[in-house]
1. Residues in region 135-154 that are under 16 Å from Ala226 (Cα atoms) and either away from the ligand (no atom under 14 Å from the Cβ) or of a type in the set (D, E, K, R) (or both): how many?
2. Just the residues that are open to solvent by 10 Å² or more (accessible area, probe 1.4 Å) and either modelled with pLDDT under 95 or in contact with a Lys or Arg (Cβ under 7 Å, 6 or more places away or on another chain) (or both), please, taken from region 135-165.
3. Can you tell me which residue among Gly177, Gly215 is in contact (Cβ under 8 Å) with a residue 24 or more places away in the chain, within 23 Å of Trp65 (Cα to Cα) and in contact with a helix residue (DSSP H, G or I) (Cβ under 7 Å, 6 or more places away or on another chain)?
4. Any residue in region 144-162 that's farther than 23 Å from Arg71 by Cβ: show its pairings with residues that are among the acidic types (Asp, Glu) and in a helix (DSSP H, G or I) at Cβ separation under 7 Å, as long as the two are six or more apart or on different chains.
5. If you go through region 39-49 one residue at a time, do you hit one that is within 16 Å of the ligand (Cβ to nearest atom) and of a type in the set (Gly, Ala, Ser)?
6. Within region 100-122, which residues are within 17 Å of the chain's Cα centre (by Cα) and over 22 Å from Ala55 (Cα atoms)?
7. Residue by residue through region 214-254, note down the ones that are within 17 Å of Arg155 (Cα to Cα) and touching a Ser or Thr at 6+ places or on another chain (Cβ under 9 Å).
8. Filter the helices (runs of 4 or more DSSP H) completely within region 25-129 down to those with at least 2 residues that are within 18 Å of Thr139 (Cβ to Cβ).
Amino acid sequence: MSGEPRLGDVFGELLRDAYAVHTGIGPRPLVGGRLPRPVIEIIERDDGLVNGAPAAHYLDGPEHWQPYDHRAVDRTRGATLDVGVGGGRIALLLQERGIPVTGLDTSPGALRVSRHRGVRDLVLGTVDEHVADGRRYDTFLLLGNNLGLFEGRERAPAFLAALAALARPGAQVIAHGTDPYGTTDPVHTGYHERNRRRGRLGGQLRLRLRYRELGTEWFDYLVCSAEELAELVRGTPWQLTDVDDRDAPYYLATLRLRGR
Ligand SMILES: C[S@@+](CC[C@H](N)C(=O)[O-])C[C@H]1O[C@@H](n2cnc3c(N)ncnc32)[C@H](O)[C@@H]1O
């Protein structure tokens, strides 16, 4: 035993257990063999910072959502790809409203939970892989902070190119991001500074997720300001047309496909 986690579907397993606690369906992690154990997503950053976040909110119904989630859903139109669908909370409301939605995710376990909860159209894979499937969309959703999937300056252009290849004329991306620079906590401001010295964006986080004995590989997840986002989008097939920061530091960015 190395003390290192075994690589696995962290997100899928924690969603499965959160779902079991939420519904009573399936075996639940128990404290002392008796009481349901709250399911916590462990987020490790490469400077040693460790945070825990309860996973239950991935299953929350609309009555518990933040206002920006509702505004994102209200702006959704046409054939929609929910990128990183997770437990399907957004896709379920879209389905209810009659909006054709496809949930995409790299986690087989997350897709199982989404399917069990009633999301009808689900695809395993990344946006790049999905291009070959030949399906095209009017709206791309990156919710639950999934603007993070831009990763940083290196990955963002390819990610946006894949979305453009999946797009119908006039398509939009609605992405939820968080401006990381309001904090005065030296643990974070020091991390931002160290990143910049290494040529990275300040909020380009290097993370690993853990749940029980499982862990992911280390990956980059981007937390950036709207100004940095505008810079990343420049020169791509997309144009940043709106930043709704009514719930600052959280914001909803809307990108539109440029006319061809
Ligand atoms: C923070 S959760 C957000 C879930 C959901 N959007 C929500 O708001 O509840 C991130 C989700 O993105 C998925 N994911 C991570 N990397 C991905 C990638 N490269 N392509 C597609 N999905 C990905 C994860 O498996 C997880 O389900």
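The values are calculated or read from the model by the stated rules, or taken from the named source; none is laboratory data. What you see is a predicted model, and the numbers here were worked out from it, not measured in a lab. Please note: Cβ atoms are built from the backbone with ideal geometry, for glycine as well, and neighbour counts cover all protein chains shown. Heavy atoms of the whole protein, side chains included, go into the accessibility calculation; ligands, DNA and RNA do not. Shrake-Rupley method; radii C 1.70, N 1.55, O 1.52, S 1.80 Å.
1. 2
2. Within region 135-165, Arg136, Asp138 meet the criteria.
3. It is Gly177.
4. Ala162/Asp128
5. The answer is no, given that none of the residues of region 39-49 is within 16 Å of the ligand (Cβ to nearest atom) and of a type in the set (Gly, Ala, Ser).
6. Val101, Thr102
7. Of everything in region 214-254, those that are within 17 Å of Arg155 (Cα to Cα) and touching a Ser or Thr at 6+ places or on another chain (Cβ under 9 Å) turn out to be Val223, Cys224.
8. Counting at least 2 such residues, we get 67-74, 89-96.
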